[in-house]
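Just below is one structure, and these are the notes that go with it.
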Amino acid sequence: MAQNARLMRLTPDHVARIAPYVGDSPQLPTDPPSAADYADAVREILATVRPADDVWLFAYGSLIWKPACDFVESRLATAHGWRRSFCLGWDRWFRGSEKHPGLMLSLDHGGRCQGVAYRLPPDAVEANLERLFRREIRTTSKGHIPRWVNVETAAGKLRAIAFVINRKGTRYVGGLSLE
């Protein structure tokens, strides 16, 4: 083990934070959004886009290697004021099981996050966003939501859609640390 490595310590405070989830798993919404829900989400996110604007997606996790939509350009990008965080709980599909749900990554406030910005094809923005939203938004819980964020690239600043944690939602798990 590296000399400067930090060890994670299980403290009574940590146990108290997860105690409601020990034994019986928390009951999370599993209802998938309807076709109308997806259409509304796409319409809502595009409401502030002018017809001449390019639509960009900011990817910081699995969307980097599997964007789930078509794109016509990509750039390395940094989102200042946002950080990757295991704060989207409690997942049974990708990071856990029915008995032991886990945490997923989302963007949370603070820090900075490096990723990739993808420019969507101008003639197929809505269709690509719907495919993307169907992949990223799997339940009606609104734990992980699309919103516009500012990102910086070598070619300049962009406004891009990113999936961020809904801190007011029931799936937000904050305040965890390595200690």
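Some notes on this structure:
- For the residues 97, 74, the requirement of being at pLDDT below 90 and either under 26 Å from residue 53 (Cα atoms) or not in a strand (DSSP E or B) (or both) singles out 97.
- The condition (being assigned to a helix (DSSP H, G or I) and either aromatic (Phe, Trp, Tyr) or modelled with pLDDT under 85 (or both)) is satisfied by just one residue among 31, 40: 40.
- Test result for residue 133, among the aromatic types (Phe, Trp, Tyr), part of a strand (DSSP E or B), at pLDDT below 90 and under 15 Å from the mean Cα position of the chain (by Cα): no
- Test: residue in the range 65-78 that is free of Cβ contacts under 8 Å to residues at least 40 places away in the same chain and on the phi < 0 side of the Ramachandran plot: yes
- Within the range 104-130, considering residues that are of a type in the set (Gly, Ala, Ser) and more than 16 Å from residue 53 (Cα to Cα), the one modelled with the lowest pLDDT: 106
The values are calculated or read from the model by the stated rules, or taken from the named source; none is laboratory data. These numbers come from a predicted model, not from an experiment. Heads up, the Cβs are rebuilt from the backbone with ideal geometry, glycines too, and the neighbour counts pull from every protein chain shown.
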